[in-house]
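Have a look at the structure below before the remarks.
The values are calculated or read from the model by the stated rules, or taken from the named source; none is laboratory data. Keep in mind the model is a prediction, meaning the values are calculated, not measured. Here the Cβ is made from the backbone with ideal geometry for all residues, glycine too, and neighbour counts use every protein chain on show. Surface accessibility is based on the protein's heavy atoms, side chains included, excluding ligands, DNA and RNA. Shrake-Rupley method; radii C 1.70, N 1.55, O 1.52, S 1.80 Å.
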Amino acid sequence: MKAPMASVKRRWRGPSVAVLALVFCSLLVPLAFLFGRFPSGYGTDERPQQEVGFHSFGQAERVKKSPVDQQPNVEKIMEKFRPTLPKGVMEKDVVQARGHLLEKPAIDSSHNDAISNSQPKVPLPPQIATPKPLEPPDRSVRLPFWCISNYTDVNIWNGGNIHKKQAKDLKGDEVEKSCQLEFGSYCLWSVEHKEVMKDSTVKRLKDQLFVARAYYPSIAKLRGQENLTRELKQSIQDHERVLSVAIVDADLPPLIEKKVKNMEQTIARAKSCSVDCNNIDKKLRQILYLTEDETHFHMKQSAFLYRLGVQTMPKSLHCLSMRLTVEYFRSPPADSEHLHAHKFDTPKYRHYIIFSRNILAASVAINSTVMSSEVTGNMVFHLLTDAQNYYAMKLWCSRHSYKEAVLRVINFESLVLKKLHNVAPQKLFLSEEFRVSIHNMDQPTAKMRTEYLSVFSHSHFFLPEIFKNLQKVVILDDDVVVQRDLSPLWNLDLGNKVNGAAKFCGVRLRQLRRYLGKNIYDADSCAWMSGLNIIDLENWRKNNITEKYLLLLEQFQGNSEASLQASAFPISLLAFQNLIYPLDNKWTLSGFGYDYGLEADDARNAVSLHYNGNMKPWLDLGIPEYKKYWKKFLTRGERFMDECNAHP
């Protein structure tokens, strides 16, 4: 009997030890999390956030940020809302200055010390950290870019050199300049929509609260002032409670004047006490610094929401695309393109090319061009889009006619482009826009100029391969509105030039040397813009523009889509070096997506209007005064637009 009992004990010994081990682990693991030995799934990621600063083209220095700024969890949330970049929510904190790296002075975090445990204060909401800039690809030559917004920054300093110390000493308009450098066109938008505070009572409550907070710690230390301390504390709590629910005077309770009067009397009694003025001054400064930081935080928050609004497609336009796609497969339209197939590759017709994912934007560009033309029978439009919007575009075009003009929709992603094979992803890229900030250091009082330059994307460089039989084409961006007949444009003799484009001589290539690398170029050449371009495809093929593009792509391309898009800036400028035919200024007027100062007479007289910038006319954040030119050519009475409320 003893032998079986012994075997039973041995059989249960193993499970008993395992159970004890599990119990021990169940006690140990919570203790480990409690004392921070393991990273909690809800805690803050302790990996330091990095930003990239460029001392010279191709050399990067990583600068670790303080732990105060490390909030990757929020960054991951913001990252989910961020579209592919760049065409750029926060911009870089580093700008270049003629061979020197200019760093914007960071806000001293020492200002943010807690005022006092005994001092009541309104808790601030948790900060939303600026999403970290993408690191450039690991290649010998790198394109400096800073992108969270849809736009890549190009910062130019004209005139004399400027160093870090000088930058910190600059005053006056530097506040505005630093705002534009950090937040871009949000600063222009916020100035135009700034509201003057008219709620005097709320403002008075806040002022009283600041003064009371400054006096409270000193009064609390005085002997014999217990009643005053109690009254001051109660008044502070009453004001905080009121301001937590009231933003304007209309939200204030009926007896607020009594509270204001009581606080005024309490502050007067506190001022009559003998206290150390240095302590009061110190507390007021701490409150001032805290308020400045809170203001900057709210500006960051507002800028992020603004950028989110201008980057994302409105719900109504997304609905329109989805409804049209569903309708296409529910009741496929008759294919009318084959009736005009002979026109698509015939050089004698006037061919217009548009890259777009936006149905309404492309429709306005086409409709405005057709409505402004005297003769439409020789017009052929090629609309290149992606696979997601292809069927929606097809159905839209079958439901609408544009006089005698012929329209073909092409799925760019389904084309067989041999030269693109294993070089870059065959994905539709629209014209890339870059925000250029121009500073004239010879005139310190002059305001910083901000411009948005649009250039060809990677998709544009394969036009000769897509349209092998065509000789000359006009390329329109989908944010262009045509107001005059473009027939004279076709009669221009480009000579040996390839690209007829609007030149922008506010920026010359010598100012962009850090972005262009060690390539050979004419330093005095002006930058040029896309939007309205006439292209001689025969000269394109003779000058091997596509082959030049592929060589430059190997030099500038990175490992990410963002760096690929950013590389469009130097590639476009270098590929068409000395091959730009400058169009007269009358042909296009740009700036309708960011410049509030354009004259109405100039807009009416221009052949075409370019809504470059991020305040597009189909967005709620578009500039209201300029939307009328775009809405003039917007389709009316479309059933699917009504169902989706797609009426920008």
Carbon/sulfur accessible area of the stretch 198-312, % of total, 1.4 Å probe, equals 52 percent
Pairs beyond 29 Å (Cα-Cα), from LYS348/LYS586; LYS206/LYS447; LYS418/LYS503; LYS472/LYS627; LYS586/LYS632: LYS206/LYS447; LYS418/LYS503; LYS472/LYS627
Once you have a ≥ b ≥ c as the square roots of the Cα gyration tensor eigenvalues for the stretch 496-648, tell me rounded if a/c is under 1.5, and otherwise prolate or oblate according to whether a/b is larger than b/c. prolate
Could you rank the peptides 365-376, 502-513 by their average count of other C-beta atoms within 10 Å per residue, with the highest value first? 365-376, 502-513
In µm²/s, what is D for the stretch 198-312 at 4 °C and 1.567 mPa s, where D = kT/(6 pi eta Rh) by Stokes-Einstein and Rh is the Kirkwood radius from Cα pairs? 81 µm²/s
Virtual spin-label span in nm between LYS315 and LYS468, 7 Å along Cα→Cβ: 4.8 nm
Farthest toward the dipole's positive end in the stretch 198-312, which of GLN301, LEU209, GLN311, given Cβ charges of +1 (Lys, Arg) and -1 (Asp, Glu) about the Cα centre? LEU209
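Roughly speaking, what is the stretch gain from PHE504 to ASP199, that is 0.36 nm per residue apart minus the C-alpha to C-alpha distance, in nm to one decimal? Spell out each step's value before the answer.
On the way: separation 305, 0.36 × 305 = 109.80 nm, distance 4.57 nm.
Between PHE504 and ASP199, full extension yields an extra 105.2 nm.
Rg over Rh of the stretch 209-274, using C-alpha atoms and the Kirkwood radius, what does it come to?
Working: Rg = 12.6 Å, Rh = 12.4 Å.
Result for the stretch 209-274 is an Rg/Rh of 1.01.
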Cut-off under 5 Å, modelled amide H: who pairs with TYR581 long-range: VAL498, ASN499, GLY500, ALA501
Computed label-point distance, nm, for sites ALA21 and HIS338 using a 7 Å Cα→Cβ extension: 7.2 nm
Using the Kirkwood radius over Cα pairs, work out the Stokes-Einstein diffusion coefficient for the stretch 315-644 at 10 °C and 1.306 mPa s, in µm²/s as a whole number. 77 µm²/s
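Computed FRET efficiency, Cβ-Cβ of LEU222 and GLU257, R0 41 Å: what is it to the nearest 0.05?
Values: r = 29 Å, r/R0 = 0.71.
According to the calculation, E is roughly 0.90.
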Of all beta bridges DSSP finds with both residues in the stretch 315-644, what is the antiparallel percent, to the nearest 5? 50 percent
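What's the magnitude of the charge dipole for the stretch 198-312 around its Cα centre, counting Lys and Arg as +1 and Asp and Glu as -1 at the beta-carbon? Answer in Debye, nearest 20. All intermediate terms of the calculation are to be shown ahead of the outcome.
Numbers: 20 positive and 15 negative charges, 47 e Å.
Result for the stretch 198-312 is approximately 220 debye, rounded to the nearest 20.
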How much of the accessible area of the stretch 355-415, in percent, comes from carbon and sulfur atoms when a 1.4 Å probe is used? 42 percent
Estimated distance in nm for a label pair at ASN278 and VAL326, the labels positioned 7 Å out from Cα along Cα-to-Cβ: 7.3 nm
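If I stretch the segment between ILE247 and GLU643 completely, what's the gain in nm (0.36 nm per residue apart, minus their alpha carbon distance), one decimal? Working shown, then result.
Details: separation 396, 0.36 × 396 = 142.56 nm, distance 3.67 nm.
Roughly 138.9 nm would be gained on extension.
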Rounded FRET efficiency, nearest 0.05, which uses the C-beta distance separating GLU292 from ARG541 and R0 of 41 Å: 0.10
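Give, in nm to one decimal, the length gained when the segment between ARG484 and SER302 is fully stretched (0.36 nm per residue of separation minus the Cα-Cα distance). Don't skip to the answer; put the middle values down first.
Numbers: separation 182, 0.36 × 182 = 65.52 nm, distance 3.90 nm.
Answer, rounded to one decimal: 61.6 nm.
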